[in-house]
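Worksheet: the structure to be examined is printed underneath.
Taken together, the values in this text are just the output of simple stated rules run on the coordinates, not laboratory data. Bear in mind that the values here come from a model prediction, so they are computed numbers and not experimental data. Cβ: placed from backbone, ideal geometry, glycine included. Neighbour counts: every protein chain shown.
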Amino acid sequence: MGYAKERGKLEKLLTRIVGLTTYDEKSLANLVDSHEKYSHTVRILKNKEPDTFGDLYKNELQEVKESRKAVKESDSDETRQHNFIAYKDSIVKAIEKTIKTTLETL
């Protein structure tokens, strides 16, 4: 089963967020939108192939959610910036892992 369509969506998300380095409302909104699109795409993949993508849906998506929560709960600018970068990195890692899995299941 091919996953080119979903992989293409994920690759677009990756290029969209890779350059974000500084916390501001626009960057956070971009990450949140990317997070939601990633969530939707990985859910589609999980529904097509639960054995292959189920763990990504449970583990990677949960890590991204926890990172987002940490940004929201930050009480100082320094902590918020640090958690913002961690949030971005968790999304990038999850997307890269999902892309790699789609390539391995051809």
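Pairs to check: Lys5/Lys88; Lys5/Lys37; Lys72/Lys97; Lys46/Lys69. Give those whose C-alpha atoms are more than 19 Å from each other in this structure.
Violating the 19 Å limit, Cα to Cα: Lys5/Lys88; Lys72/Lys97; Lys46/Lys69.
Calculate the spin-label point distance for Glu49 paired with Asp77, positioning each point 7 Å from the Cα along the beta-carbon direction, and give it in nanometres.
Output for this residue pair reads 4.6 nm.
For the chain, what is the mean residue ellipticity at 222 nm derived from helices alone (per DSSP H run of n ≥ 4: -39500 (n - 2.57); sum divided by total residues; nearest 500 deg cm²/dmol)?
-26500 deg cm²/dmol
Could you work out the relative contact order of the chain, using alpha carbon pairs under 8 angstrom and six or more residues apart, expressed as a whole percent?
The value is 41 percent.
Once both axes come from the Cα atoms, what is the angle between helix 77-104 and the longest principal axis of the chain, in degrees from 0 to 90, rounded to 10?
The angle comes out near 10 degrees.
Where in the stretch 1-44 is the amide nitrogen less than 16 Å from a point lying 7 Å along the Cα-to-Cβ axis of Asp89?
18-23
How tilted is helix 61-72 with respect to the longest principal axis of the chain? Cα atoms for both, answer in degrees (0 to 90, nearest 10).
That works out to roughly 10 degrees.
How big is the gap, in Å, between the Cα center of the stretch 79-106 and the Cα center of the stretch 29-54?
The stretch 79-106 and the stretch 29-54 have Cα centres spaced 12 Å from each other.
About the Cα centre of the stretch 3-105, how large is the charge dipole given +1 on each Lys and Arg Cβ and -1 on each Asp and Glu Cβ? Please answer in debye to the nearest 20.
It comes to approximately 440 debye.
Going toward the positive end of the dipole of the stretch 1-98, with +1 on Lys and Arg Cβ and -1 on Asp and Glu Cβ, which of Leu45, Ile95, Phe84 do you reach last?
Leu45
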